[in-house]
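Inspection log for the structure reproduced underneath, given as C-alpha cells.
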Amino acid sequence: MKKIRKAVFPVAGLGTRFLPATKAMPKEMLTVVDKPVIQYIVDEAREAGIEHFIFVTGRNKGVIEDHFDIAYELEQTLKSRNKVAELAILDGQRLRPGAASFTRQQEPLGLGHAVWCARDLVGDEPFAVMLPDMIMKGVGKSCLAQMTEVYHETGGNVVAVEECAPELAHQYGIVGVGAHKGKAFEITSMVEKPKAGTAPSNLFINGRYILQPRIFELLASQEKGAGNEIQLTDSMLKLMGEDAFWGVKFEGKTYDCGSKVGFLAANVAYGLERTELTADFKAEIAAILKGH
Ligand code: UTP
C-alpha cells in the first residue's frame with residue numbers, strides 16, 4: 001500500500017465571511033494566538049508524516065508562500081541581536097527546501113476545481129486534502145494521523161467524520177454508514193447539505209480526506225453542482241461507485257475558523273493552553289463574562 005506523502009491545501013477561497021479582514025489578507029493568515037491558522041494545519045500534516053505540501057492559491061495569497069519561506073532580512077537581524085528563541089521559532093515552522101509547491105486556481109470555481117488544480121503536483125499516488133480553515137485538536141494524535149492509521153488497515157479512500165445535532169445536518173456534507181472494520185466504517189452514501197429530515201445520519205465530513213488519484217479524472221469533467229460550484233463531494237460520490245470509501249470518527253475537537261464563532265473559540269481554547277498566558281487570560285475572560 002502506498003504511503004500518504006502529499007497533502008493538498010486549497011487556499012484559493014475568497015473568505016467573504018471575514019471581510020473586511022480578508023480584503024488584503026488571506027483568511028488562512030488570520031492568527032490563533034500567535035500562529036496563522038494555516039500553520040496549525042501544516043503542523044497537523046507534518047505530524048501525520050506528510051512530506052510534500054501542495055498549496056492551491058489564488059490572487060492575494062502570496063503571503064502564505066512567504067510565511068513558509070526564509071525571511072532573510074528578519075532572520076539576519078535576529079541573529080545579529082542574538083535572539084535565539086525567536087530564531088528557533090522560525091526554524092521550527094519553515095518548510096524544508098523543495099518540500100512545498102504552489103499552484104494557482106485562477107478562478108474560485110469551487111473546492112473540487114481547486115483540488116483538480118493540484119493534479120500534476122500530486123501525480124499518480126493517494127494523497128490527503130486538508131481544508132485549511134478547520135483546526136482539529138486531536139486527542140492523542142492529530143486528525144490526519146488518526147486517518148492514516150486507519151488507511152494503513154483499509155486502503156481505498158478515507159474521510160474523517162464528526163457528529164452534529166440532527167437539526168444542523170442540512171449545513172454539512174453528511175454520510176451514510178455501513179459495516180465496521182476496526183476503527184473504520186464503510187461509507188454507503190454522501191449527501192451535500194441534505195434537506196431537513198432526509199439526512200442518512202448525523203455524521204458530517206469535517207474537512208480531511210485521503211483520496212486515490214482516480215479522483216482527478218472524475219473532477220476533470222468540471223461539472224457544476226450545489227451553489228453552481230465544482231464540488232469535491234460530487235466526484236467522491238462517483239468514486240464511491242468504483243472504490244471503497246471508509247469513515248473514521250475523529251477523536252478530538254474541531255474549530256471551524258472559516259466562521260467567526262469557531263475562530264474566536266479557537267483563540268480562547270489555544271490561548272488558555274499557553275501556560276505563560278493562562279492565569280492572566282482566564283482573569284480577563286472572567287471579567288468580560290461578568291459584564292455579559
Ligand atoms: P469556503 O466555502 O469556506 O469558502 O471554502 P471561502 O471562500 O474560503 O470562505 P467564505 O465562505 O467566502 O467566507 C472551503 C475551502 O475551500 C477552498 C477555500 O479556500 C476553503 O479553504 N476553496 C473554495 C478554494 O480553494 N477554491 C474555491 O474555488 C472554493
What is the one condition in (1) within 16 Å of the ligand (Cβ to nearest atom); (2) modelled with pLDDT of 90 or more; (3) surrounded by fewer than 20 Cβ atoms within 10 Å (Cβ to Cβ) that LEU232 does not satisfy?
(3)
Check LYS249, LYS260 and return the single one that is closer than 30 Å to ILE215 by Cα and of a type in the set (D, E, K, R).
LYS249
Please tell me if ASN206 is more than 21 Å from VAL122 (Cα to Cα), in contact with a Cys (Cβ under 9 Å, 6 or more places away or on another chain), surrounded by 20 or more Cβ atoms within 10 Å (Cβ to Cβ) and of a type in the set (S, T, N, Q).
yes
Say we look at segment 30-48 and pick out the residues that are of a type in the set (Val, Ile, Thr) and surrounded by fewer than 20 Cβ atoms within 10 Å (Cβ to Cβ); which of these is farthest from PRO132 (Cα to Cα)?
VAL33
So which pairs qualify, if the first residue must be in segment 16-41 and more than 15 Å from ASP256 (Cα to Cα), the second must be near the ligand (Cβ under 10 Å from one of its atoms) and in a strand (DSSP E or B), the Cβ gap must be under 9 Å, and the two must be at least 6 apart or on different chains?
PRO26/THR57
For segment 252-267 the number of residues that are farther than 20 Å from PRO20 by Cβ and loosely packed, with under 15 Cβ neighbours inside 10 Å is 1
Could you grab me the full set of residues in segment 228-242 that are closer than 21 Å to MET130 by Cβ and not charged (D, E, K, R)?
ILE230, GLN231, LEU232, THR233, SER235, MET236, LEU237, LEU239, MET240
Residues being assigned to a strand (DSSP E or B) and within 16 Å of the ligand (Cβ to nearest atom) - total across segment 94-127:
5
Would you tally the residues in segment 11-40 being touching a helix residue (DSSP H, G or I) at 6+ places or on another chain (Cβ under 8 Å) and either of a type in the set (A, V, I, L, M) or within 15 Å of the ligand (Cβ to nearest atom) (or both)?
20
Out of everything in segment 1-29 that is among the β-branched types (Val, Ile, Thr) and modelled with pLDDT of 95 or more, what residue ends up being surrounded by the most Cβ atoms within 10 Å (Cβ to Cβ)?
VAL8
State all residues of segment 128-167 that are part of a helix (DSSP H, G or I), away from the ligand (no atom under 16 Å from the Cβ) and in contact (Cβ under 8 Å) with a residue 60 or more places away in the chain; if no residue qualifies, say none.
ALA145, GLN146, MET147, THR148, VAL150, TYR151, HIS152, THR154
Reported set for segment 216-228 where residues are surrounded by 14 or more Cβ atoms within 10 Å (Cβ to Cβ), over 21 Å from the mean Cα position of the chain (by Cα) and within 16 Å of the ligand (Cβ to nearest atom) is LYS224, GLY225
Picking from PRO200, PRO213, which residue would you name as being of a type outside the set (Gly, Ala, Ser) and either in contact with an Asp or Glu (Cβ under 7 Å, 6 or more places away or on another chain) or surrounded by 19 or more Cβ atoms within 10 Å (Cβ to Cβ) (or both)?
PRO213
Starting from segment 268-290, take each residue that is without any contact (Cβ under 8 Å) to a residue 40 or more places away in the chain and list its partners that are polar (S, T, N, Q), counting only C-beta distances under 7 angstrom and pairs at least six apart or across chains.
LEU272/THR278
Under 28 Å from MET147 (Cβ atoms), within 16 Å of the ligand (Cβ to nearest atom) and either surrounded by 14 or more Cβ atoms within 10 Å (Cβ to Cβ) or free of Cβ contacts under 8 Å to residues at least 60 places away in the same chain (or both): is that true of LYS61 in this structure?
yes
Tell me, which helices (runs of 4 or more DSSP H) lie completely within segment 188-292 with 2 or more residues that are closer than 17 Å to TRP116 by Cβ?
214-219, 232-240
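The values are calculated or read from the model by the stated rules, or taken from the named source; none is laboratory data. Not measured: the values here are computed from a predicted model. Cβ atoms come from the backbone with ideal geometry, glycine included; neighbour counts cover every protein chain shown.
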